[in-house]
């Protein structure tokens, strides 16, 4: 496999996929350093009550459970009742992550995505991500309930990610002789994305580990987390009917 010859790359595209990406990544990293320092400047609240609930549950177990809760759709009533939405959530976020990774692979390791099956899988993932993003945008516009709690940033962020995934779909083959418009657009959008994300709601993921850890720590201390495994919302009466009697009773 031959590495992409830079002589077939226009100066604009060469700048966009190399120096511009480094500048954008550096900018985002610096902003995140300040943001994390700001988050850590707030002292976590101390527990004001003694440990209660299930004695097998501890603050540490609750914190770990809460941190990885996102990978346990059975632990939330909303995802158990609407598994399709969770599946869309997973596909969309994996597509975004792969698109970010592709912005590093194309300029520095292009030989990794020259195989037909690799390109096909990437385009399938980006295509599904684009359709899911488009559906989510339409749903946000059409639903009066979601529209009422949405801000301009919500609309712009989902629109940006959706268009970006479309460009990622077209740029995946990295055939610059025929698709330089899409490859250049993909890298320009990626750079804009990196500059914009730290100031948008898309950066919610930077808060996730802190909020989930502290929430789980508190709920674990109170004996609530980890939650019992009950994926089907089984009626309490049926669960109690199968409960084993306590010894000596």
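The values are calculated or read from the model by the stated rules, or taken from the named source; none is laboratory data. Quantities reported herein were computed from a predicted structural model and do not represent experimental measurements. When we count neighbours, we look across all protein chains shown, and the Cβ atoms used for this are built from the backbone with ideal geometry, even at glycine.
Taking the conditions exactly as written (under 18 Å from residue 114 (Cα atoms), assigned to a helix (DSSP H, G or I) and under 18 Å from the mean Cα position of the chain (by Cα)), does residue 168 satisfy them or not? I'd like the intermediate steps shown before the answer.
Details: under 18 Å from residue 114 (Cα atoms): yes; assigned to a helix (DSSP H, G or I): yes; under 18 Å from the mean Cα position of the chain (by Cα): yes.
Here the answer is yes, as residue 168 does meet what is asked.
Would you confirm, using the coordinates I've provided, whether residue 140 is more than 30 Å from residue 105 (Cα to Cα) and at pLDDT below 80?
no
Go through the residues of the stretch 161-169 one by one and say whether even a single one is surrounded by fewer than 19 Cβ atoms within 10 Å (Cβ to Cβ) and either in contact with a helix residue (DSSP H, G or I) (Cβ under 6 Å, 6 or more places away or on another chain) or under 16 Å from residue 105 (Cβ atoms) (or both).
No, the stretch 161-169 has no match at all.
Only residues that are without any contact (Cβ under 8 Å) to a residue 40 or more places away in the chain and surrounded by fewer than 16 Cβ atoms within 10 Å (Cβ to Cβ): list them for the stretch 171-191, please.
Going through the stretch 171-191, the residues without any contact (Cβ under 8 Å) to a residue 40 or more places away in the chain turn out to be 175, 178-179, 181-182, 185, 189.
Result: 175, 178, 181.
Quick test for you: out of 34, 109, 89, pick the one residue that is closer than 29 Å to residue 198 by Cα and either in contact (Cβ under 8 Å) with a residue 24 or more places away in the chain or surrounded by 13 or more Cβ atoms within 10 Å (Cβ to Cβ) (or both). Full working, then the answer.
Working: 34 fails: either in contact (Cβ under 8 Å) with a residue 24 or more places away in the chain or surrounded by 13 or more Cβ atoms within 10 Å (Cβ to Cβ) (or both); 109 fails: either in contact (Cβ under 8 Å) with a residue 24 or more places away in the chain or surrounded by 13 or more Cβ atoms within 10 Å (Cβ to Cβ) (or both).
Criteria check complete, one pass: 89.
For the stretch 129-138, indicate whether the set of residues that are surrounded by fewer than 13 Cβ atoms within 10 Å (Cβ to Cβ) and within 23 Å of residue 84 (Cα to Cα) is non-empty.
yes
Out of everything in the stretch 37-68 that is assigned to a helix (DSSP H, G or I) and touching a helix residue (DSSP H, G or I) at 6+ places or on another chain (Cβ under 6 Å), what residue ends up being surrounded by the fewest Cβ atoms within 10 Å (Cβ to Cβ)?
Within the stretch 37-68, the first condition is being assigned to a helix (DSSP H, G or I), and the residues that meet it are 37-40, 59-67.
So of that shortlist, the ones also touching a helix residue (DSSP H, G or I) at 6+ places or on another chain (Cβ under 6 Å) come out as 39, 59, 61-63, 65-67.
Numbers: 39: 13, 59: 17, 61: 16, 62: 25, 63: 21, 65: 20, 66: 24, 67: 18.
Per the criteria, the residue is 39.
Does any residue of the stretch 44-56 turn out to be out of contact with any strand residue (DSSP E or B) (no Cβ under 8 Å at 6 or more places or on another chain) and at pLDDT 80 or above?
Of the residues in the stretch 44-56, the ones out of contact with any strand residue (DSSP E or B) (no Cβ under 8 Å at 6 or more places or on another chain) are 44-56.
Remaining after also requiring at pLDDT 80 or above: none.
No; the residues of the stretch 44-56 include none that is out of contact with any strand residue (DSSP E or B) (no Cβ under 8 Å at 6 or more places or on another chain) and at pLDDT 80 or above.
Could you tell me how many of the residues in the stretch 171-192 are within 24 Å of residue 23 (Cα to Cα) and assigned to a helix (DSSP H, G or I)?
The total comes to 15.
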